[in-house]
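Participant: A single structure is presented below for examination.
The values are calculated or read from the model by the stated rules, or taken from the named source; none is laboratory data. The structure displayed is predicted, hence computed values, not measured ones. Cβ placement follows ideal geometry from the backbone for every residue including glycine, while neighbour counts extend to all protein chains displayed.
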Ligand code: NDP
């Protein structure tokens with residue numbers, strides 16, 4: 001099926017594109033006509049996903065990226081620019097979770113979640129905005145940055161308190177970056193997905209606790225990853241020219 005919004009002419013970087021939501025979005029963006037940069041640490045996986053996009057007739061390139069490392073973020077944008085020109089569409093999707101009670105979680109695991117889920121988003125958005133502004137986004141109005149939040153940023157989350165806190169921080173970062181760049185032609189919006197089965201949580205959903213979690217949702221089901229397609233394409237496309245600093249919850253009513 002043809003994607004609802006066109007990304008023709010856009011160059012998009014998706015972080016965390018080696019699996020789950022990011023890999024899904026990369027394929028979607030490719031089908032919508034974007035030149036897609038797939039960033040993650042596991043280059044073998046992003047190469048594979050990029051190959052699938054090219055086989056389907058799209059344009060895609062895997063770039064090595066560790067969002068916790070400023071030098072790696074800069075190098076990924078350099079590689080992207082060399083291949084496809086200025087990145088005008090950014091999806092800050094890379095994220096990790098370290099489940100456990102706060103009394104048990106190690107300081108190292110806590111810090112890894114902060115570094116990936118908050119600093120990684122900040123560094124990705126900042127480097128993208130620097131280059132967009134230098135390339136004239138103020139005049140073109142072409143900049144689109146989509147941040148991946150989570151319903152855990154405002155609903156109680158029994159499992160990884162740092163994850164939930166960093167997702168709340170990402171949403172507030174999005175509002176502030178939107179304000180900072182409102183005259184620079186860069187729109188920043190946040191999408192809050194509900195629980196979707198991916199590598200992040202697949203082990204949990206195989207357990208009795210996981211099944212009980214699904215039964216606790218009003219509709220007794222996980223959110224389908226495809227539910228994100230139209231909202232994220234919209235925020236990434238020209239159609240959202242006048243939408244910035246906003247948030248959209250896509251959770252099948254799980255948080256209610
Ligand atoms: P996955 O575990 O399937 O994917 C996470 C991705 O992040 C991987 O591609 C991983 O790639 C990448 N990643 C992790 N650390 C880094 C890093 N340091 N640098 C670059 N990339 C990194 O999980 P999901 O697809 O479920 O998660 C994607 C996003 O969606 C996350 O931000 C998550 O918090 C959010 N989300 C997920 C929900 C869900 O229920 N699944 C619900 C709400 C939000 P690699 O290891 O190769 O680097």
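The rows are residues; the columns are (1) crowded, with 17+ Cβ neighbours inside 10 Å; (2) in contact (Cβ under 8 Å) with a residue 60 or more places away in the chain.
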{"site": "197", "(1), (2)": "yes, no"}
{"site": "207", "(1), (2)": "no, no"}
{"site": "212", "(1), (2)": "no, no"}
{"site": "251", "(1), (2)": "yes, yes"}
{"site": "254", "(1), (2)": "yes, yes"}
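Participant: Can you tell me which residues in the range 1-55 are assigned to a loop (DSSP other than H, G, I, E, B) and near the ligand (Cβ under 9 Å from one of its atoms)? Please lay out each step first, then the result.
Facilitator: Within the range 1-55, the subset assigned to a loop (DSSP other than H, G, I, E, B) is 1-10, 16-19, 32-34, 41-42.
Within the range 1-55, 16, 17, 18, 19, 41, 42 qualify.
Participant: Okay, moving on. Within the range 173-248, considering only helices (runs of 4 or more DSSP H) that don't extend past its boundaries, which have at least 2 residues that are modelled with pLDDT under 95 and within 15 Å of the ligand (Cβ to nearest atom)?
Facilitator: Details: elements: 202-205, 208-216, 229-236.
Hits in the range 173-248: 202-205, 208-216.
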